[in-house]
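Asks: What follows is a single structure, and I will ask about it in a moment.
The values are calculated or read from the model by the stated rules, or taken from the named source; none is laboratory data. Just so you know, these numbers come straight off a predicted model, no measurement behind them. Positions of Cβ are backbone-derived with ideal geometry, glycine not excepted, and every protein chain shown enters the neighbour counts.
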Amino acid sequence: MSKILARIQQTLASDSVTVIPLGEASLATRSSLVFIADQAMQRDMPGFEVMDFAGRYLVTGGTADISAELQSVYERAAGAAAERQFKRSARNWVKGMPVTDGQYPEEAKQLFARPPSLSGLKEVVLLLQNGVVYREAAPRGKERFHAQLATLEAVKRQSGTLAVLASNLGLQTSAPLPNARYVGVVLGISEEGVLQRVGRQTAVVHAPGALKGDLGAGQQISVRYRNGQAQQMDGKRSENAMER
């Protein structure tokens, strides 16, 4: 068992993981893939490899249009995340604590505006059982998924300097710190260096020649600096594979 666990941990620590779905269950019913989509939305970065855009997880097999199935995964992730937040808000409401300002259905907002009561608790249960909170939030997952694809498409169409590219994407750029690790998507490559997105609104520009290997826009890479030198750069697909 320890060897199996070590193998799983090694696979998950890789910068690229191939996921092989087993059985006929849809991707949206697989909790591990829904978790990846949830984390990707929180970090505003691609979680899966879609079309010719690199992501950390490559899902193989299944339908010819994997992006359509992944869209459903993002919808499931958004709906489930909204339900978790709604439950936390309900607990705070019962305790008289501040309620998180979530994007809830109007009836939920009206409920939390009232003092807690037994009838209110019954309404909380019905909102969850009837899927009202889930249905309200699920479309936002689809929107986030397509927004990520649109951003990557825009990257491919961009021209000009890296500064212009970063400005058009609303990103603030900086030089790498002498001892730091950066994980994110390559947005552009020119004679000025490599522009890598490392946060929702931040990016770093690696100096020309600092990174080695065959890089391309949309590729997820991990770069480690030590004493100002890029000591490690891993953006290649690993041979690790995970069967789910």
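Asks: Within segment 73-96, take every residue that is of a type in the set (Gly, Ala, Ser) and modelled with pLDDT of 90 or more and give me the one that is surrounded by the most Cβ atoms within 10 Å (Cβ to Cβ). Give the steps one after another, and end with the answer.
Replies: Step one: list which residues in segment 73-96 are of a type in the set (Gly, Ala, Ser), which gives 77-82, 89-90, 96.
Narrowing further to those that are modelled with pLDDT of 90 or more: 77-82, 89-90.
On the way: Ala77: 29, Ala78: 26, Gly79: 22, Ala80: 20, Ala81: 20, Ala82: 23, Ser89: 22, Ala90: 22.
Result: Ala77.
Asks: Answer yes or no: is there a residue in segment 152-161 that is more than 25 Å from Arg76 (Cα to Cα) and hydrophobic (A, V, I, L, M, F, W, C).
Replies: Of the residues in segment 152-161, the ones more than 25 Å from Arg76 (Cα to Cα) are 154-161.
Going one step further and asking which of them are hydrophobic (A, V, I, L, M, F, W, C), we end up with 154-155.
Yes, the conditions are met somewhere in segment 152-161.
Asks: Hey, among the residues in segment 207-228 that are under 24 Å from the mean Cα position of the chain (by Cα) and small (Gly, Ala, Ser), which one's nearest to Asn179 (Cα to Cα)?
Replies: Restricting to residues being under 24 Å from the mean Cα position of the chain (by Cα) and small (Gly, Ala, Ser), the top hit is Ser222.
Asks: Here are some residues: Lys212, Lys236, Lys142. Which one is modelled with pLDDT of 80 or more and either assigned to a strand (DSSP E or B) or within 26 Å of Pro21 (Cβ to Cβ) (or both)?
Replies: Values: Lys212 fails: either assigned to a strand (DSSP E or B) or within 26 Å of Pro21 (Cβ to Cβ) (or both); Lys236 fails: modelled with pLDDT of 80 or more.
Selected residue: Lys142, the only one of Lys212, Lys236, Lys142 that is modelled with pLDDT of 80 or more and either assigned to a strand (DSSP E or B) or within 26 Å of Pro21 (Cβ to Cβ) (or both).
Asks: State yes or no: is Ala150 of a type outside the set (Phe, Trp, Tyr), assigned by TED's automatic domain parsing to the domain that holds Leu33 and surrounded by 16 or more Cβ atoms within 10 Å (Cβ to Cβ)? First the steps, then the outcome.
Replies: Numbers: of a type outside the set (Phe, Trp, Tyr): yes; assigned by TED's automatic domain parsing to the domain that holds Leu33: yes; surrounded by 16 or more Cβ atoms within 10 Å (Cβ to Cβ): no.
No, not satisfied.
Asks: While we're on this one: Based on this model, can you work out whether Arg157 counts as exposed (fewer than 12 other Cβ atoms within 10 Å of the Cβ) and at pLDDT below 85?
Replies: The answer is yes for Arg157.
Asks: On to the next question. Only residues that are aliphatic (A, V, I, L, M), surrounded by 13 or more Cβ atoms within 10 Å (Cβ to Cβ) and closer than 18 Å to Gly79 by Cα: list them for segment 105-135, please. First the steps, then the outcome.
Replies: At the first step, the residues of segment 105-135 found to be aliphatic (A, V, I, L, M) are 108, 111, 113, 118, 121, 124-128, 132-133.
Cutting the leftovers down to surrounded by 13 or more Cβ atoms within 10 Å (Cβ to Cβ) gives us 108, 111, 121, 124, 127-128, 132-133.
Of everything in segment 105-135, those that are aliphatic (A, V, I, L, M), surrounded by 13 or more Cβ atoms within 10 Å (Cβ to Cβ) and closer than 18 Å to Gly79 by Cα turn out to be Ala108, Val124, Leu127, Leu128, Val132, Val133.
Asks: State which residue is modelled with the highest pLDDT when the search covers only segment 1-52 and only residues that are under 20 Å from Ala147 (Cα atoms) and assigned to a loop (DSSP other than H, G, I, E, B).
Replies: Gly47
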